[in-house]
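Have a look at the structure below, then the notes.
The values are calculated or read from the model by the stated rules, or taken from the named source; none is laboratory data. Owing to the predicted nature of the structure, the values given are computational and were not obtained by experimental measurement. Quick reminder, even Gly has a Cβ in these numbers, built from the backbone with ideal geometry, and neighbours come from all protein chains shown.
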Amino acid sequence: MDKLAAYYAKRAAEYERIYAKPERQADLRTLEARIRKMFTGRKVLELACGTGYWTDIFAAQAAQVTALDMNEEVLEIARSKKNAGKVRFLRGSAYEIPDLGRVHDALLAGHWWSHVPLDRLDAFLESATRAVAPGALMAFFDNRYVDGSSTPVSRRDAQGNSYQARTLDDGSAHEVLKNFPGEGELIRCASRHGWGANVELLPHYWLLTWWAPK
Ligand SMILES: C[S@@+](CC[C@H](N)C(=O)[O-])C[C@H]1O[C@@H](n2cnc3c(N)ncnc32)[C@H](O)[C@@H]1O
């Protein structure tokens, strides 16, 4: 298992604390409303679903939900959520999405784009669009860097990826790749993998949507 997956396995029980940060509450309510509405009536494939915080928000209104994550530790929490009965949870990598028959007409990944190394992003997006139905709705949201709220960037590598030094409750230290793409970069990237790219910028989050090629 790679470093990132191992870090999130260890963090599973403390993960949802990020959703209690007071300064992010207004944005979270806005994002939750967007996500709920966007996936109403849709067959959604969610990648890197984690503890199912977002899965639980849209599952009740969605037509069908498949949610994938690399770690059993987070999937166990996701399976305990209110609307979990509606969801098919799968353990697997977002970089090797299983063949699900391209039945999903929407794809979601929250807080995942930022962890994809820049030199893997295009290959990842290409395989993600091929995992869902032609013309599917693609949606990604993630953190914007906010001084005083975000963990500071500790280092940048030669490819332009940024990293944060994070500590878990057990005292273990982890260097985590976490990128903060700008609006133009998001639009350019999405436009290489479909059409109609749109970014909504909230103070703490960005939300990117587009349509997969037909
Ligand atoms: C930042 S969390 C996001 C969780 C959830 N989407 C959310 O927004 O609350 C990143 C998730 O990616 C998962 N993960 C790490 N590497 C992965 C991989 N290669 N494929 C799928 N999931 C992976 C971790 O287990 C973790 O649950």
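Summary of computed values
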| item | result |
| --- | --- |
| Test for GLY85: is it away from the ligand (no atom under 16 Å from the Cβ) and either more than 22 Å from ARG192 (Cα to Cα) or touching a residue at least 60 places away in the same chain (Cβ under 8 Å) (or both) | yes |
| Test: LEU68 is at negative phi, modelled with pLDDT of 95 or more, among the aliphatic types (A, V, I, L, M) and outside any helix (DSSP H, G or I) | yes |
| Residue count for the range 187-208, restricted to those that are more than 17 Å from ARG144 (Cβ to Cβ) and outside any strand (DSSP E or B) | 5 |
| Test: residue in the range 65-81 that is more than 20 Å from ALA9 (Cβ to Cβ) and either within 12 Å of the ligand (Cβ to nearest atom) or crowded, with 17+ Cβ neighbours inside 10 Å (or both) | yes |
| Members of the range 82-118 found to be buried (at least 16 other Cβ atoms within 10 Å of the Cβ) and of a type in the set (D, E, K, R), listed by number | LYS86, ASP105 |
| Selected residue (criterion: farthest from the ligand (Cβ to nearest atom)) from residues of the range 33-62 that are more than 21 Å from ARG91 (Cα to Cα) and among the small types (Gly, Ala, Ser) | GLY41 |
| Residues (among the small types (Gly, Ala, Ser), under 21 Å from PHE124 (Cβ atoms) and out of contact with any helix residue (DSSP H, G or I) (no Cβ under 9 Å at 6 or more places or on another chain)) located in the range 47-99 | GLY92 |
| Test: residue in the range 27-44 that is in a loop (DSSP other than H, G, I, E, B) and closer than 22 Å to LEU125 by Cα | yes |
| Residue identified as near the ligand (Cβ under 9 Å from one of its atoms), more than 14 Å from the chain's Cα centre (by Cα) and of a type outside the set (Asp, Glu) among GLY110, GLY92 | GLY92 |
| Qualifying residue in the range 120-132 (condition: away from the ligand (no atom under 13 Å from the Cβ), of a type in the set (Asp, Glu) and in a helix (DSSP H, G or I)) | yes |
| In the range 133-146, the residues that are more than 16 Å from the ligand (Cβ to nearest atom) and under 20 Å from ALA20 (Cβ atoms) | VAL146 |
| Among the candidates TYR8, TYR15, TYR19, residue that is within 9 Å of the ligand (Cβ to nearest atom), touching a strand residue (DSSP E or B) at 6+ places or on another chain (Cβ under 9 Å) and outside any strand (DSSP E or B) | TYR8 |
